[in-house]
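Structure, as structure tokens:
The values are calculated or read from the model by the stated rules, or taken from the named source; none is laboratory data. Bear in mind the structure is a predicted one, so any value in this text is a computation, not a measurement. Glycine gets a Cβ as well: all are built from the backbone with ideal geometry, and neighbour counts include every protein chain shown.
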Amino acid sequence: MLFIYLASKCLANRIKLVISSIVSETQQAFVPSRLMSDGCLITHEIMHYLNKTTKGTVSYAALKLDMHKAFDRVSWPFLMAILKKFGFPIFWQNIIWESNPASFESLRDLFRCFELASGQMINLDKSFIKFSPNAPPDFKSYMASILKMKTSDCFGNYLGVPVDLPSKKSLVFRPLVDKMTSRVIAWSSLHLSQPCKLIIINSILLGSICFLLASIPFPTGICKKIDSLIIAFWWRKDVRHRSIHWLSRDSLQLPREHGGLGLKFVALLSQASLMTNFWRLHHQPSGILAKYMIPKYRKDLPIPAAKSKVSRPSFVWSGICRAASVFSPGLSWKLGNGSSVDLFTSRWVNGSTPSLRPSSTASSFVLSDLLTISGVWDHFAVFRFFTPSCAKVIIAMEPPHINIDDFLYWKYTEDGVYTVRSGYDYLMSQSSFSCSPSFYSAFPWKILWGVHSSTKLPLLVWRIIHNILPSLENLFVRGIQVSTSCVFCHSQTESLDHLFRTCTVTRHVWLLSSLGLNSVANPTICLQRWIADLICYFHRFTDSTDQCLLRFLCIFKAIWMVRNSVVFDNCSVNPSQIFHLSDYILASLSQLPVFWPSYSKPHNNFAISTLDYALPYFSVTYLILVCRAFSRDQYIVSSSDTTCCTPALSLVRASSLFAASTKGLLITMYRAHSASLPSVSFRIASKKLSSVLASTKPVPIELRHSLSTIRCFLRMYALWSVSLDTG
């Protein structure tokens, strides 16, 4: 689909042609969703500008072209010539022509040339043209007759995203909700298991709207409807019967480590997704999105407030401003040359604003006053302008790099790059419905969900912990008239504690198993606490493959399966039957493909290894050791070499042992560089530092300048190497 924007200014022989569906950048990686999102955002801004033009003699028009779906008409030599000419991905932006009748006739001829060259045909029955509100009626009809197209007052969707929004925004999202509802109804008739539903919700239902969430703000009412739709699908067994909602929506949408299932709040996911647009505006200033948005909304930058300073901003930009305002506490400045940062009010001290001494004023110092001639922190100056606690934090930071510009980073990821997941986690931590300290937050959820098996076992135990399994007691409490006697022993009420722990049948099961558990050894504690204690015990004190923990969970599954067979199929039961079924479940789990995390060794230009290198006879070996000194932010760096018996000692301030090791290595490298040593082997004791230098992944943001300098030294000296000291 092609989108064309025309302006009817009286400049003859010029036509603006913007083919937004293929807008990209030649120097960026090809990411289809990002390109589509940029195209939708730009199209929305153009529609917003066109709709605002209600006065004046200059009118505007936008064309929406639909191509005939005759794919066999495409001229492949033409397509290959275009790909060869412009490269892939394609950045295609033709000169914009501007309106008058001659320009429309030229545009018509351009369409014909395009059809002859490419073999495609424009579907004039589905294509239309939209004019700005101030365009005269006779002008609109005349121009439309030249192009032989219909006129329309609404541009509709572009690449599946509504870009021409009415005053009531929820109207354009109703088809989306209706489509999701029809899909949920169809899936509900398949009698899917809850683990399968969990995959469908995260991968299909929410995955299908991720592109929309990043392109346009969702109204609050639409977000709540989608949330309700997802929760109803989770609990519903089929389309003909209503199901019991055993747990509240907020509990299901809590993170897994707090006792929930991690189902996403669509409203928070919308804000986290919109934030990616602001992030790209700041970090990709040469991108097509930044080139269009920054000149229009420069009053709101660098970090927009909740309400835009621009008069009549677009709906999308208002949503981006609100998102950036919400996330602004998580944004911090990384100092470069200091030209973009206000040292008094900006967040640049590990994500916080600095604390000044009462004697310091806004004109008392600049960044250069805080540095020595060599570019490191001037301790006396820092303590003179800042409070003692703030000064210690600043000195522990790496000094700024005066050869680069200041830039924003996201302080909730190690590499400082904003991601939708980290943004959503930040919103959850700041929300009022975040989990307060309780038993559910203290339960070892990470161990449970981290078991290397299918999701069925952890999900079953999760339901037991929350007491939401349909035992006879739970069904009776919720108004269903059933007998509450235990289906195993028929002597007590079938509660979850009785069914899984104190029943005579299940007590024998626990004793028969290889775990040899006496389930009633401590009857005073509840079932949830008993499970939590045993999960921690099996994870901490048994073998690393979690076989005991898996067997423990498999017994719960076997008990519940046999119980259901007794209820629905009138089967008999004995402890050995449950025990053998648990063995079968455990054996079947061993046949599942377990995806262990694997890390392939990346190719790099740095000599990082635990082995000694055969160096020339004139080489020098430095052994760098770091230990804590007088306080938690002070470290002693010992650097000894083969040419000197006495090690060189340095006292450095750092926020961690990793940061101190990095500073110590950099100090030693500067020393070797000053001595013009051509061949040096640096031996360090920090495994994290060696792995960071050996990796091609982005480096931690707190030490980006220092690690970049270390890598520059290693590129400068071919015979320099860094190895991990294993002695």
Considering only residues that are farther than 23 Å from N403 by Cβ and among the β-branched types (V, I, T), look in segment 697-727 and name the one that is nearest to the chain's Cα centre (by Cα). V722
Residues of segment 416-442 being at pLDDT below 90 and in a loop (DSSP other than H, G, I, E, B), which ones? S431, S432, F433, S434, C435, S436, P437, S438
Among helices (runs of 4 or more DSSP H) entirely inside segment 245-304, those with 3 or more residues being touching a Ser or Thr at 6+ places or on another chain (Cβ under 9 Å) and polar (S, T, N, Q) are 266-283
List the pairs whose first member sits in segment 502-525 and is under 16 Å from F488 (Cα atoms), whose second member is aliphatic (A, V, I, L, M) and in a loop (DSSP other than H, G, I, E, B), and whose Cβ atoms are under 6 Å apart, counting only residues at least 6 apart or on separate chains? T502/V520; W510/L517
Could you list all residues from segment 378-409 that are of a type in the set (F, W, Y), in contact with an Asp or Glu (Cβ under 9 Å, 6 or more places away or on another chain) and under 24 Å from F658 (Cα atoms)? Y409
Quick one: P219 ticks every box in (1) over 23 Å from the mean Cα position of the chain (by Cα); (2) in contact (Cβ under 8 Å) with a residue 40 or more places away in the chain except a single one, so which number is it? (1)
Criterion first (under 28 Å from I667 (Cα atoms) and β-branched (V, I, T)) does T345 satisfy it? no
Of everything in segment 122-177, what is assigned to a loop (DSSP other than H, G, I, E, B), touching a residue at least 60 places away in the same chain (Cβ under 8 Å) and farther than 23 Å from I216 by Cα? Give them in sequence order. P133, N134, A135, P136, M149
Residue that is of a type in the set (G, A, S) and closer than 30 Å to F211 by Cα, where the choices are G450, G479: G450
Return the residues of segment 358-372 that are more than 14 Å from L343 (Cβ to Cβ) and either modelled with pLDDT under 90 or not in a loop (DSSP other than H, G, I, E, B) (or both); say none if nothing qualifies. P358, S359
Among the residues that make up segment 652-666, is at least one of them within 23 Å of I394 (Cα to Cα), assigned by TED's automatic domain parsing to the domain that holds S690 and over 36 Å from the mean Cα position of the chain (by Cα)? no
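Being closer than 30 Å to L281 by Cβ, assigned to a loop (DSSP other than H, G, I, E, B) and of a type in the set (V, I, T) narrows it down to one residue among I222, I216; which is it?
I216
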Taking the conditions exactly as written (of a type in the set (S, T, Y), modelled with pLDDT under 90 and not in a helix (DSSP H, G or I)), does S339 satisfy them or not? yes
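Would you call S352 surrounded by fewer than 19 Cβ atoms within 10 Å (Cβ to Cβ) and under 34 Å from the mean Cα position of the chain (by Cα)?
Yes: the conditions hold for S352.
For (1) within 30 Å of I199 (Cβ to Cβ); (2) of a type outside the set (A, V, I, L, M), each residue gets a yes or a no:
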site: G450; (1), (2): yes, yes
site: V461; (1), (2): yes, no
site: H466; (1), (2): yes, yes
site: S471; (1), (2): yes, yes
site: I480; (1), (2): yes, no
site: H508; (1), (2): no, yes
site: D533; (1), (2): no, yes
site: Y537; (1), (2): no, yes
Can you pull out the residues in segment 377-395 that are closer than 26 Å to L666 by Cα and surrounded by 14 or more Cβ atoms within 10 Å (Cβ to Cβ)? W377, D378, H379, A381, V382, F383, C390, A391, K392, V393, I394, I395
Criterion first (touching a His at 6+ places or on another chain (Cβ under 9 Å), among the polar types (S, T, N, Q) and at pLDDT 80 or above) does N134 satisfy it? no
Determine if segment 324-334 includes at least one residue that is over 35 Å from the mean Cα position of the chain (by Cα) and crowded, with 18+ Cβ neighbours inside 10 Å. no
Do you know which of the residues in segment 486-541 that are exposed (fewer than 14 other Cβ atoms within 10 Å of the Cβ) and of a type in the set (G, A, S) is farthest from E473 (Cα to Cα)? S514
For residues that are under 37 Å from the mean Cα position of the chain (by Cα) and free of Cβ contacts under 8 Å to residues at least 60 places away in the same chain, scanning just segment 548-570, find the one that is farthest from L472 (Cα to Cα). C548
